Amino acid sequence: MQNILTVIFLILFSVAALLSVIVIPLVPCRFKGYVALAISVWIAAGSSWLAIEALMAQGESVTLVSSFIWGRVTFAADELSAWFILVINLTVLPATGYSSGYFRGYTQPANLSLHYVMLVWMHLALCMVCLVQNGLAFVFIWEMMTLASFLLVIFESRQRNILQAGINYLVQMHVSVIFLLVAFLVVHESEGGFEFADIGAYFATHSNWPLFLLFFAGFGFKAGIVPLHTWLPHAHPAAPPHVSGIMSGVIVKMGIYGIFRMAGYLCSDLLLIGNLVLIVGMLTGIYGILHASLQRDIKRLLAYCTVENVGIILMGMGLGLVGQHAGNSLLMLAGYGSALFHVLNHALSKGLLFLCAGTVCHALHTRNMDKMGGLFRLMPHSAVLFLTGALAIAGLPPLNGFLSEFVLFFGLVKGIMAFDVTESIVIVMALAAIAVIGGLSMLTFAKSFGIMFLGKPRTPPPFPHEAAAMRFSCYVPAALAVLVALAPLAVFGFVADVAASSFLIPRASADAAALGRLLQQISLMMVMFASLVLFLVAVRRLITMRLPVRLDDTWGCGSPSSSSRMQYTGGSFAKPVGKLFGSLVPFRKKYHRMADNVLFPDAARYDYAYGDWVETAIFAPVKKWLKRFSSVSLHIQDGRLQWYILYGLLFILAVILLTWMKVL
């Protein structure tokens with residue numbers, strides 16, 4: 001049955017790719033989004049059917065192609081790939097529906113056609129990445145996913161900064177491919193094949209950590225782990241909001257999927273690799289949320305928040321590896337389970353936040369939170385939805401983000417109890433890191449929600465609007481987040497099955513049932529608390545609905561009048577954090593003074609920005625050196641045909657000489 005389903009899905013893949021290229025360019029602009037959504041629904045239906053079948057029964061594989069170039073290419077739907085396929089579909093469909101409202105009124109058919117074709121192809125590539133089990137075919141589809149997402153990022157390519165952000169993303173993704181190719185070639189040199197099963201055979205006979213580090217670096221670029229994260233704060237603000245939601249929700253998760261897939265083949269060095277992943281997760285989480293708390297650009301803030309959540313996922317994975325080394329099934333389930341659970345929760349909440357932020361930016365034509373304010377009354381749907389996503393992503397009850405972080409917290413506490421003092425040092429540090437991340441997350445989203453939606457408008461906004469397609473697409477991930485919070489027992493049951501199958505966790509069913517019941521009890525308490533709050537709000541509403549209401553300014557400490565310029569800004573809200581961590585967060589300011597002795601001087605201006613230490617201290621010098629090297633080597637390509645012929649002759653002579661010396 002599984003083989004038949006896999007073949008059916010591959011046929012659907014081919015038909016959907018062909019339909020997107022033929023149909024989307026032919027329909028009018030106002031219908032392109034609906035056609036793309038219909039094709040994506042078709043893809044999602046077929047892939048979800050395949051994924052659910054794999055979750056319900058042990059996945060089998062089907063060999064599709066066999067040739068001397070690719071070797072034996074296998075497409076397999078197992079529990080791990082099925083889980084990620086479901087997360088992909090739950091993220092891509094609302095984002096595609098959102099795009100129809102976002103691009104309403106857009107009148108460039110060629111640009112819009114390319115965008116929607118690439119949106120469909122990216123959806124296909126994401127699903128295929130989770131199914132393919134051959135290294136070379138995997139890299140080929142990985143590149144297709146990267147190129148499609150690159151073209152989606154540079155939708156407004158006439159703007160120089162957007163084009164630069166897209167090229168920066170493309171270059172870093174190709175650096176990641178170099179690491180992946182080297183890793184697959186190492187396996188091929190030893191085992192004679194590119195199949196993923198050959199990776200397991202290599203790990204069984206060699207030291208595991210060198211090859212795992214190659215894969216970890218290659219997938220780490222896509223996942224956005226520190227210090228390989230620098231493409232995110234540029235690409236997310238540049239891309240349309242629905243593309244940013246997909247990139248943060250699932251494209252980044254493809255890096256996590258790759259790390260999970262390779263971790264499933266590990267046979268030795270588990271403690272070393274687990275502690276390494278834990279430490280990298282801690283650094284990534286703290287670094288990401290620290291920079292998020294200082295941003296004024298809402299999409300840049302959400303990009304750094306993505307880095308933070310990748311760190312939380314890696315911490316769960318590291319805990320699982322440490323538990324696997326110790327043979328502790330509860331730690332394995334809590335670690336791997338929390339990581340997989342957080343993959344879903346982050347995809348839902350971050351997709352929701354990017355879509356809500358896109359609605360606000362679309363209405364106000366700015367991403368700068370310091371120019372917003374007072375939007376709760378003007379855009380109530382976006383305000384409530386953004387608050388829902390903020391509570392979920394900050395790991396606060398009563399929403400789903402709290403549950404996955406609770407499982408991780410539970411596992412870390414059990415890890416401290418399971419090991420002696422020397423072995424639990426890293427776990428204690430991880431526990432402290434979770435506390436720091438949680439506190440900074442609350443600060444970050446209290447700042448973003450308060451500055452954007454509360455207070456007075458800081459600039460006179462144009463008429464705010466919330467298109468029906470955009471609003472409905474935001475409600476879908478919000479409803480799913482609430483549903484996960486209400487039924488954690490069922491969701492974590494699937495998560496436990498995926499973790500147990502992928503990492504052969506002993507006694508997984510008993511531990512999963514105990515953890516699931518604990519989560520259900522927490523969910524029940526959260527529902528009771530939320531019901532009490534709603535009841536009190538309803539009672540207050542009934543009491544005050546017939547009383548006269550007078551609207552006035554908030555009390556301003558005795559000041560007779562106040563203006564929006566006297567309100568807190570995002571910068572002033574987070575300035576204490578910037579001062580505390582000033583060595584990690586470079587602060588740049590520009591101040592234009594009014595000229596002296598001038599009859600009509602220009603207005604004084606002040607601007608500031610927080611930089612990225614990794615980008616300024618590591619990547620900026622490398623970029624400068626590459627530019628210098630390129631300028632020195634410009635004379636090699638001077639346009640003279642004679643020189644090019646000489647280069648060709650020298651190359652042929654070098655090949656002959658190296659062959660004669662038996663080097664080649």
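The values are calculated or read from the model by the stated rules, or taken from the named source; none is laboratory data. All values reported here derive from a predicted model rather than from experimental measurement. Glycine gets a Cβ as well: all are built from the backbone with ideal geometry, and neighbour counts include every protein chain shown. Accessible surface areas use protein heavy atoms only, side chains included; no ligands, DNA or RNA. Shrake-Rupley method; radii C 1.70, N 1.55, O 1.52, S 1.80 Å.
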TODO: Only one of these is out of contact with any Lys or Arg (no Cβ under 8 Å at 6 or more places or on another chain), buried (at least 21 other Cβ atoms within 10 Å of the Cβ) and of a type in the set (Gly, Ala, Ser): Ala487, Ala479, Ala499. Name it.
DONE: Ala499
Open item on the list: Condition (residue is more than 30 Å from Ile298 (Cβ to Cβ) and of a type in the set (A, V, I, L, M, F, W, C)) applied to segment 216-227: is it met by at least one residue?
Closed with: yes
Open item on the list: Among the residues of segment 408-422, what is the count of those that are surrounded by fewer than 24 Cβ atoms within 10 Å (Cβ to Cβ) and either in contact (Cβ under 8 Å) with a residue 40 or more places away in the chain or in a helix (DSSP H, G or I) (or both)?
Closed with: 8
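This table checks each residue for (1) within 27 Å of the chain's Cα centre (by Cα); (2) of a type outside the set (Gly, Ala, Ser); (3) part of a helix (DSSP H, G or I); (4) over 27 Å from Leu353 (Cα atoms).
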{"position": "Ala478", "(1), (2), (3), (4)": "yes, no, yes, no"}
{"position": "Ala481", "(1), (2), (3), (4)": "yes, no, yes, no"}
{"position": "Val484", "(1), (2), (3), (4)": "yes, yes, yes, no"}
{"position": "Val491", "(1), (2), (3), (4)": "yes, yes, yes, no"}
{"position": "Asp497", "(1), (2), (3), (4)": "yes, yes, yes, yes"}
{"position": "Pro506", "(1), (2), (3), (4)": "no, yes, no, yes"}
{"position": "Ala510", "(1), (2), (3), (4)": "no, no, yes, yes"}
{"position": "Leu515", "(1), (2), (3), (4)": "yes, yes, yes, yes"}
{"position": "Ser523", "(1), (2), (3), (4)": "yes, no, yes, no"}
TODO: With respect to Ile88, determine if the residue is in contact with a strand residue (DSSP E or B) (Cβ under 8 Å, 6 or more places away or on another chain) and at pLDDT 90 or above.
DONE: no
TODO: Of all residues in segment 138-154, count the ones that are open to solvent by 10 Å² or more (accessible area, probe 1.4 Å) and either closer than 21 Å to Leu37 by Cα or touching a residue at least 60 places away in the same chain (Cβ under 8 Å) (or both).
DONE: 5
TODO: Would you tally the residues in segment 389-407 being touching a residue at least 60 places away in the same chain (Cβ under 8 Å) and open to solvent by 10 Å² or more (accessible area, probe 1.4 Å)?
DONE: 6
- [ ] Could you list, in sequence order, all residues of segment 356-388 that are within 21 Å of Phe402 (Cα to Cα) and surrounded by 22 or more Cβ atoms within 10 Å (Cβ to Cβ)?
- [x] Cys356, Leu385, Phe386, Thr388
- [ ] Look at Leu12 and say whether it is assigned to a helix (DSSP H, G or I), open to solvent by 20 Å² or more (accessible area, probe 1.4 Å), at pLDDT 85 or above and in contact with a Ser or Thr (Cβ under 9 Å, 6 or more places away or on another chain).
- [x] no
- [ ] Considering only segment 502-538, state which residues are open to solvent by 50 Å² or more (accessible area, probe 1.4 Å) and of a type in the set (Val, Ile, Thr).
- [x] Val527, Val533, Val537
- [ ] Kindly list, by first and then second residue, each pair from a residue in segment 165-189 that is farther than 24 Å from Ala303 by Cβ to a residue that is assigned to a helix (DSSP H, G or I) and aromatic (Phe, Trp, Tyr), limited to pairs with Cβ atoms under 7 Å and residues at least 6 apart or on different chains.
- [x] Ala183/Phe215; Val187/Tyr202
Task: Subset tally (residues that are crowded, with 18+ Cβ neighbours inside 10 Å, closer than 19 Å to Leu283 by Cα and not aliphatic (A, V, I, L, M)) for segment 439-453 - done: 2
Task: helices (runs of 4 or more DSSP H) lying entirely in segment 102-212 (those with 1 or more residues that are under 22 Å from Leu232 (Cβ atoms)) - done: 109-131, 135-153, 160-191
